[in-house]
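Since the structure comes first, as structure tokens, the remarks are kept for the end.
Every number here is computed from the coordinates shown, using simple stated rules; none is lab data. As the structure is a computational prediction, the values presented were derived from the model and not from experiment. Here Cβ is always computed from backbone atoms with ideal geometry, including for glycine, and neighbour counts include all displayed protein chains.
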Amino acid sequence: MFYSMVQRVPEADAIIHGESRVTYEKLWNLSCSVAQYLNQQGMQKDERVSILLENSAEYVAIYYGAQAAGGVAVGLNTAAKARDLENWIRHCGATWLFANESHPELLKLLQRLDNNVKIIILGKNNNIETGNDWNSIVNIDASNFSLSKLDNPNTAATIIYTSGTTGSPKGVTLSHKNLVSNIQSILAYLKLSKNDRILNVLPFYYTYGNSVLHTHLSVGGSIILENSMMYPNRILEKIVNEKVTGFSGVPSTFALLLGRTNLRDYDLSSVRYMTQAGGPMPPAKIRQLMDNIPHIKFFVMYGQTEASARLTYLPPEQLFNKIGSIGKPIPGVEIEIRDEYDNIVCGREIGEICARGNNIMLGYWEDMDATNKVIKNGWLHTGDLAHQDADGYIYIDGRSSEMIKTGANRISPKEIEEIITEIPQVQEAVVVGVPDEILGQIIKAVIVIRQNNVLKKLDVQSYCKNNLADYKVPKIIEFTNEIPKTSSGKIQRFKLQ
Amino acid sequence: MVIEQKIRDYILENYLFTDDQSVLNNNDSFLDKGIIDSTGILEVIYFIEEEFAIRVNDEDMIPENLDSINNIVTFIEQKQRVA
């Protein structure tokens, strides 16, 4: 789909990042150079190519180049620490790593990896000698390159790690068919065109950002990159200056825009659409946003990485009639609300959202047990509880699991508990999510210290920071004598929230 | 120096979880170094407002005012002069 746009709009801007503007033709050539390089180095079909880069034209070129060479692209969370990164690379058996020299964990990671992982470092300083030179790769002549290795849409195209690095990480494995199916469904309702220019703040290594990337490059649109929401006024300035037509965010993105800017001070007339996914956005915030920019089409969306991103959307014309709803299934997807016995529930009864379609993942990488727990008879069991109204619009009622959703991140409490429990002074630790106005939830750790030991909050947070991505460091830490449990020993997490 | 040390101690304690002064330079960009994220900066703003009795308006929320210890110190001093 990207290649067809290269032929139609070769001179159009594909990726804009700061002062850099990379056209479709240039991006294609760079992708082909990467693919040609991988082929020349003897890469075999389905080898996993891991990428440790912030959003950039280079990230996209390596991602598409890896796939064009018949490989599987694995975008790694750039906020993760070396321990996590090593675990993911080993778990998927990646034999390639493209990384930015300035990544703060790179040197530690390289010390942990085996020699079978070929390393390519991107950067200006060339301080790390790996024998593989990015500057040579970009100059490889790939004018005769063909896409012949992309001959089976049902093979793995990408692996996205969603959580859990200790023990068993979950690598959502998506095929080319999964991605194309979801792209086509999304294009059908967003009605994107080559005239669309999206300002993207979402990381490409997560499914939402990954979806924004593919959908916009599939129609010849432009993607303007901003890799942080830290200064929301600068985001709005860029929207104005670049005449942006679209913007996508999670609830915390919009909370920041609404809380720390005055949208009416900016001429946002170029903006045609905004999309929101990654958790429920309070109706009051939706109303506040639409009061400020009433001319836009606002799409509330819902999905999961396991569904290649998107499962449902709420048509903008229904936004206020059905406020609080996640809408109806996107084209090509079936949804059923089922009870614990896998029967379809009646009326407004609450049950689990189950989905079927060509966008449902192949499975978790090399983990049939975990896959079989969520995909049963072709239906993805999302773990989200919901009900439908009389018109078939779906409303989320909660999650059936303990996962913490903070900002755009989905976090397993277990992985943080395991890290904290490594601290010698800790006897027991339980981690829960507690409500937060901006992030949805923030992380709280409740800790029992071993008898006759001393432990400070800073010690716990410091240890977590050294071993986990920063956004997984608990913001609240409480010390207690005893964790509340049932008579059978099951932790009562709700009492700690 | 007092303003600088208070800001420095706050950042070290709440984002780097250390009291080792050498890990943070006064001109280190919080954004470029990944020290503070988009919600962390809101906490920094709250701290500045409470500690130094100034108001950080929405339009003040730009890197030139907030993206390093040096920038924050200059910003606070300007605000205090105007007040």
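DSSP assigns beta bridges within the range A:407-496; of those with both partners inside it, close to 75 percent run antiparallel. Note on A:389, A:369: ascending count of other Cβ atoms within 10 Å places them as A:369, A:389, the fewest first. Dipole magnitude for chain A: computed about the Cα centre from +1 point charges on Lys and Arg Cβ and -1 point charges on Asp and Glu Cβ, it is near 520 debye.
Give the separation of the Cα centroids, the range B:49-83 to the range A:238-264, in Å. The two parts, judged by their Cα centres, are 23 Å apart. Hey, rough spin-label estimate for residue A:136 and residue A:320, points 7 angstrom out along Cα→Cβ, what's it come to in nanometres? Taking the two extended label points, one gets 6.3 nm.
Which net charge results when you count Lys and Arg as +1 and Asp and Glu as -1 among the other residues whose beta-carbon is under 15 Å from that of residue A:285?
Numbers: positive: A:260, A:287; negative: A:291, A:436, A:437.
Value of the local net charge: -1.
Taking neighbour Cβ counts within 10 Å as the exposure measure, how do A:134, A:379 sort from fewest upward? Can you show the working numbers first?
Numbers: A:134 21, A:379 18.
By the 10 Å Cβ count, ascending: A:379, A:134.
Computed FRET efficiency, Cβ-Cβ of residue A:240 and residue A:194, R0 30 Å: what is it to the nearest 0.05? Kindly include the intermediate steps, with their values, before the conclusion.
Numbers: r = 21 Å, r/R0 = 0.71.
Once the sixth-power term is evaluated, E becomes 0.90.
Determine, from the Cβ-Cβ distance of residue B:74 and residue A:458 and an R0 of 30 Å, the FRET efficiency 1/(1 + (r/R0)^6), rounded to the nearest 0.05. Using R0 = 30 Å, I get an efficiency of 0.60.
Within the straight-line cut-off of under 17 Å between alpha carbons, the lysines reachable from residue A:118 are A:45, A:108, sequence neighbours fewer than 8 places apart in one chain being disregarded.
Of A:373/A:472; A:81/B:33; A:414/A:485, which ones are farther than 24 Å apart at the Cα? Don't jump to the answer; show the numbers that get you there.
Values: A:373/A:472 26 Å; A:81/B:33 14 Å; A:414/A:485 16 Å.
From the list (A:373/A:472; A:81/B:33; A:414/A:485), the Cα-Cα distance tops 24 Å for A:373/A:472.
The distance between label points at residue B:46 and residue A:428 comes to 3.1 nm (points 7 Å beyond Cα on the Cα→Cβ vector). Since only A:241, A:219, A:319 are under comparison, the one whose Cα sits farthest along the positive direction of the charge dipole of the range A:179-399, derived from C-beta charges on Lys, Arg, Asp and Glu, is A:241. Taken along the Cα-to-beta-carbon direction at a fixed 7 Å, the label points for residue A:490 and residue A:90 span 3.3 nm.
The residue among A:72, A:180, A:411 whose Cα reaches farthest toward the positive pole of the charge dipole of the protein assembly as shown, with charges on the beta-carbon of Lys, Arg, Asp and Glu, is A:180.
With a Förster radius of 41 Å applied to the C-beta separation of residue B:58 and residue A:124, the computed FRET efficiency comes to 0.70. Tell me, how many Å apart are the Cα centres for the range A:23-99 and for the range A:386-461? When both Cα centres are located, 32 Å separates them.
Residues whose amide H comes within less than 5 Å of that of residue A:224, counting only those at least five positions distant or on another chain, are A:16, A:198, A:199, A:200 (H built at 1.01 Å from N in the peptide plane).
Per residue of chain B, what 222 nm ellipticity follows from adding -39500 (n - 2.57) for every DSSP H run with n ≥ 4, rounded to the nearest 500?
On the way: 4 runs with 41 residues, N = 83.
Value at 222 nm, helices only, nearest 500: -14500 deg cm²/dmol.
Once you list every other residue whose beta carbon is under 13 Å from the beta carbon of residue A:340, what net charge do they have if Lys and Arg are +1 and Asp and Glu are -1? Before the final figure, lay out the partial values.
On the way: positive: A:338, A:376; negative: A:339, A:342, A:349, A:352.
So the environment of residue A:340 carries a net charge of -2.
Just rank A:231, A:273, fewest to most, by other beta-carbon atoms within 10 angstrom. Write down the numbers at each step before the final one.
Numbers: A:231 23, A:273 18.
Fewest-to-most ranking of A:231, A:273: A:273, A:231.
The angle separating the long axis of helix B:69-82 from the principal Cα axis of greatest extent in chain B is about 20 degrees.
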